[in-house]
Amino acid sequence: MNYFPDEVLEHVFDFITSHKDRNSVSLVCKSWYKIERYSRQRVFIGNCYSISPERLIARFPGLKSLTLKGKPHFADFNLVPHDWGGFVYPWIKALAKSRIGLEELRLKRMVVSDESLELLSKSFVNFKSLVLVSCEGFTTDGLAAIAANCRGEVNLGALERLVSRSPNLKSLRLNRAVPLDTLQKLLMRAPQLVDLGIGSYVHDPFSEVYNKLKIAIQRCKSIRSLSGFLEVAPHCMSAIYPICGNLTFLNLSYAPGLHGNKLMKLIQHCRKLQRLWILDCIGDKGLGVVALTCKELQELRVFPSDPFGAGNAAVTEEGLVLVSAGCPKLNSLLYFCQQMTNAALITVAKNCPNFIRFRLCILDPIKPDPVTNQPLDEGFGAIVQSCKGLKRLSLSGLLTDQVFLYIGMYAEQLEMLSIAFAADSDKGMLYVLNGCKKLRKLEIRDCPFGDAALLEDVGKYETMRSLWMSSCEVTLGGCKSVAEKMPSLNVEIIDECEQMEFNLDDKQKVDKMYLYRTLVGHRKDAPEYVSIL
Amino acid sequence: MVFEKDLNLDATELRLGLPGSSEESIRISNKRALPDMNDDSGVAAAKKCDQETAPPTKAQVVGWPPIRSYRKNSLQTKKTEAETGGMYVKVSMDGAPYLRKIDLKVYKGYPELFKAMEDMFKFKVGKYSEREGYNGSEFVPTYEDKDGDWMLVGDVPWEMFINGCKRLRIVRGSEARGLGCVV
């Protein structure tokens with residue numbers, strides 16, 4: 001029973017913005033459910049196949065911003081065929097037919113056809129923002145429908161005029177095709193920029209253009225985020241120094257041309273950095289400079305510059321230890337390295353108990369601690385024990401069932417876990433499923449987990465968004481069993497080699513299985529090689 | 001520097017073979033052979049010209065390391081760009097204990113190149129004249145061309161120079177006097 005009129009409650013709910021909180025509010029009572037659903041403007045759908053557009057529209061008539069995610073995470077690494085699914089068209093079609101005044105659409109790992117983009121551009125009068133992350137399926141024709149001013153090749157004159165007319169322009173990212181004198185002119189017209197991406201930065205430091213550029217850059221006192229440098233002349237980076245002191249985000253992960261002393265000098269100017277994305281050619285020494293300079297650092301991502309090479313230009317455990325010691329606010333890590341030791345991980349765990357995301361990728365996936373030749377169980381164990389707020393973890397290196405015992409015991413807040421080439425037996429997976437109460441996404445490849453682990457507690461999967469298992473020991477029979485017991489799950493077998501067609505033996509091992517909870521049953525758009533059990 | 005760690009190379013040998021191919025084999029390797037979808041992701045051949053030893057051959061595992069295709073692709077372009085025309089060249093200076101490497105492609109002309117070399121080795125290139133070379137300088141930039149001859153830097157147009165230059169050497173002025181003579 002309500003003691004306040006609905007409008008008052010609605011006003012109160014306006015202050016509740018997180019999706020989790022709004023979901024909780026809607027479960028309190030029927031009245032609150034009703035008020036909440038009419039006032040909800042932003043909806044997040046983590047798996048586009050868990051619900052249908054029609055039901056979304058029916059429940060939230062006031063929808064303004066929709067976030068949709070499609071393919072499973074491992075699709076990023078070519079483990080999911082391109083036409084597996086995640087098509088946005090049916091969503092746009094349904095929304096267009098309805099009275100929803102969509103203003104923003106954010107998509108991740110969805111297939112976005114030119115047709116969908118065209119329909120989108122025609123259907124919503126107040127549409128403001130389209131964000132595509134890791135999507136595919138469209139061409140510049142499709143994008144042209146959205147952004148009427150930009151067609152085909154970069155028209156530099158038009159770009160300059162566009163920037164001049166846009167006093168509120170906050171973010172500008174350029175590719176290689178934009179020459180230096182255009183960059184300089186754009187910056188002169190947009191000193192209010194907050195986010196700048198420079199494509200090509202190669203020039204003669206003795207030229208007039210370079211001098212003009214230096215002046216233009218100095219005027220851009222609002223720039224907080226800098227990225228790009230796809231092509232770069234390292235000795236011209238000094239022009240950037242004047243704005244480095246204000247940067248909170250620096251993304252040099254596409255700039256292999258920047259390394260050694262020039263890179264270190266640049267970083268030494270970035271004292272306020274909170275997020276740094278870099279290539280491993282920075283080396284351990286360069287990470288030492290980061291540790292000394294960037295005391296506000298919260299997020300570090302170190303990408304491999306030579307993923308398949310013999311590993312000369314890379315980082316090791318030393319760099320990570322240095323950063324952990326120098327940057328106490330570090331809470332998010334993605335680190336590709338040549339090797340890691342238990343001792344280093346234990347030190348990192350002690351130095352940085354605040355990790356929310358810890359993703360370590362040792363390039364050789366089953367490499368032990370090179371000093372002791374032991375698995376990395378103890379090291380990762382220290383991380384989960386120390387970092388009580390850990391929500392996301394990716395493991396690599398030589399690992400036995402023991403590390404999963406630790407994870408099950410200590411990782412109470414863990415929501416997403418990625419495992420590859422690890423464990424000795426089903427026990428590993430069972431420790432995780434039994435222990436991690438908040439687990440939402442579990443993705444596993446090349447581990448010896450079989451039916452016994454899969455079937456131990458099928459009810460658990462209804463509490464999670466999804467489970468991915470590829471190149472493991474689960475069989476067709478095991479997967480069928482899950483599907484039978486849990487009608488609220490879609491259990492998909494992805495079989496590109498079409499071996500299942502000829503051999504329907506339940507004992508057959510399944511190459512790729514993806515299961516997820518859903519309210520709307522089997523999807524109708526699956527390609528031939530996907531069987532939904 | 002590249003070889004800063006003295007690790008036992010065997011123990012730290014980078015291998016991407018499927019589990020079961022290393023000494024510490026801990027799981028049954030009864031997985032079906034995965035179709036290799038990574039045909040365009042690079043070959044495990046010696047790429048870097050400064051490598052002393054050939055890298056060990058590796059089986060490339062699908063989807064490993066876990067980086068997105070567009071990142072892999074952007075790195076591939078960087079590699080192929082660097083390989084054509086031999087743009088990375090060694091630079092030695094008389095009296096310096098070790099050599100350096102520079103990428104000729106990032107410079108648009110001789111002044112830029114000289115500035116970079118001056119920064120790197122802490123010296124000054126003198127004024128160039130067609131007639132007398134770098135007469136009067138303590139150090140003189142020279143390069144080895146495709147024919148194996150040692151030439152004075154600056155005589156030929158820039159494009160021609162970077163296409164022909166195999167390595168650079170900064171020579172003491174006293175030794176370079178012979179190169180400065182024209183005709």
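The values are calculated or read from the model by the stated rules, or taken from the named source; none is laboratory data. What you are looking at is a predicted structure, and each value in this text was computed from that prediction instead of being measured. So basically every Cβ, Gly included, is an ideal-geometry build from the backbone, and we count neighbours across all protein chains shown. Accessible surface is based on the protein model in full, side chains and every heavy atom, while ligands, DNA and RNA are left aside. Shrake-Rupley method; radii C 1.70, N 1.55, O 1.52, S 1.80 Å.
Set the Cα radius of gyration of region A:465-532 against 2.2 N^0.38 Å, with N its number of residues, and you get 1.04.
Values of log10 I(q)/I(0) for chain A across q = 0.06, 0.07, 0.12 Å⁻¹ run -0.35, -0.48, -1.36, by the Debye formula with one identical scatterer at each alpha carbon and no solvent. Highest mean first, the peptides A:32-45, A:10-23 sorted by other C-beta atoms within 10 Å per residue fall in the order A:32-45, A:10-23. May I ask you to list the lysines whose Cα is less than 24 Å away from that of residue A:170, ignoring any residue fewer than eight positions away on the same chain? Residue A:170 reaches A:64, A:108, A:128, A:185, A:212, A:214, A:221, A:272. Summed over both chains, the accessible area lost when B and A associate is about 5400 Å², using a 1.4 Å probe.
Each listed q (0.16, 0.18, 0.22 Å⁻¹) maps to a log10 I(q)/I(0) for region A:204-331, found by the Debye formula over equal Cα scatterers with no solvent: -0.77, -0.95, -1.34.
The residues neighbouring residue A:342, those whose beta-carbon lies less than 9 Å from its own, together hold a net charge of -3 under the Lys/Arg +1, Asp/Glu -1 convention.
Here the average projected area of the convex hull drawn through the C-alpha atoms of region A:275-329 stands at 3.3 nm².
Here the Karplus curve 6.51 cos²θ - 1.76 cosθ + 1.60, taken at θ = phi - 60°, turns the phi angles of region B:122-135 into couplings of 6, 8, 10, 7, x, 7, 8, 9, 5, 6, 10, x, 9, 4 Hz, with x standing for Gly and Pro. Just the protein heavy atoms count here, and of the accessible area of region A:465-532 at 1.4 Å, carbon and sulfur take up 51 percent. When +1 charges are put on Lys and Arg Cβ atoms and -1 charges on Asp and Glu Cβ atoms, the dipole computed for region A:41-144 relative to its Cα centre reaches about 580 debye.
The apolar share of the surface of region A:41-144, taken as the fraction of accessible area on carbon and sulfur atoms (1.4 Å probe, ligands and nucleic acids excluded), comes to 52 percent.
Considering only A:230, A:178, A:215, the residue lying farthest towards the positive end of the dipole of region A:155-234 is A:215, judged by Cα position with unit charges set on Cβ. Computed over the alpha carbons of region A:318-477, Rg followed by Dmax gives 15.1, 52 Å. Close amide H pairs (under 5 Å, H built 1.01 Å from N) link residue A:87 with A:111, residues at least 5 positions away or on another chain. Per residue, region A:251-395 exposes 32 Å² of solvent-accessible protein surface, assessed with a 1.4 angstrom probe and all protein chains in place. For region A:387-401, 3J(HN,Hα) computed residue by residue from phi via the Karplus equation (6.51, -1.76, 1.60; θ = phi - 60°) reads 8, 5, x, 5, 10, 9, 9, 10, 9, 7, x, 6, 9, 10, 4 Hz, glycine and proline entered as x.
Between residue B:142 and B:153, B:169, B:170, B:171, the built amide H atoms are under 5 Å apart, and every one of these is 5 or more places off in sequence or on another chain.
Straightening the chain between residue A:168 and residue A:356 buys 64.3 nm, computed as 0.36 nm per residue apart minus the Cα-Cα spacing. For region A:297-305, putting each phi into the Karplus relation 6.51 cos²θ - 1.76 cosθ + 1.60 with θ = phi - 60° gives couplings of 4, 10, 10, 10, 10, 10, 9, x, 8 Hz, in residue order, rounded to whole numbers and with x for Gly and Pro.
Distant-in-sequence amide contacts of residue A:330, defined by a placed amide H-H separation under 5 Å and a gap of 5 or more residues or a different chain, comprise nothing. Computed over chain A, relative contact order equals 7 percent, with contacts defined as Cα pairs under 8 Å that lie 6+ residues apart.
Here region A:155-234 was treated as a single set of alpha-carbon atoms; its pair distances binned every 10 Å from 0 give 19, 57, 23, 1 percent. Here, region A:41-144 is characterised by an Rg to Rh ratio of 0.95, where Rg is the alpha-carbon radius of gyration and Rh the Kirkwood radius. Across region B:88-177, the volume of the C-alpha convex hull divided among the residues equals 93 Å³ per residue.
Taking only protein heavy atoms and a 1.4 Å probe, the accessible area of region A:155-234 is 53% carbon and sulfur. Considering only Cα atoms, the convex hull volume of region A:362-420 works out to 73 Å³ per residue.
Interface burial in region A:357-381, defined as at least 10 Å² less accessible area with all protein chains than with the chain alone at a 1.4 Å probe, covers A:361, A:363, A:364, A:365, A:366, A:367, A:368, A:370, A:373.
Of the residues making up region A:41-86, those losing 40 Å² or more of accessible area when the isolated chain is joined by the remaining protein chains, with a 1.4 Å probe, are A:76, A:77, A:78. The accessible area of residue A:391, taken with all protein chains in place and a 1.4 Å probe, comes to roughly 90 Å². Per residue, the solvent-accessible area of region A:465-532 (1.4 Å probe, heavy atoms of protein chains only, all protein chains present) comes to 45 Å².
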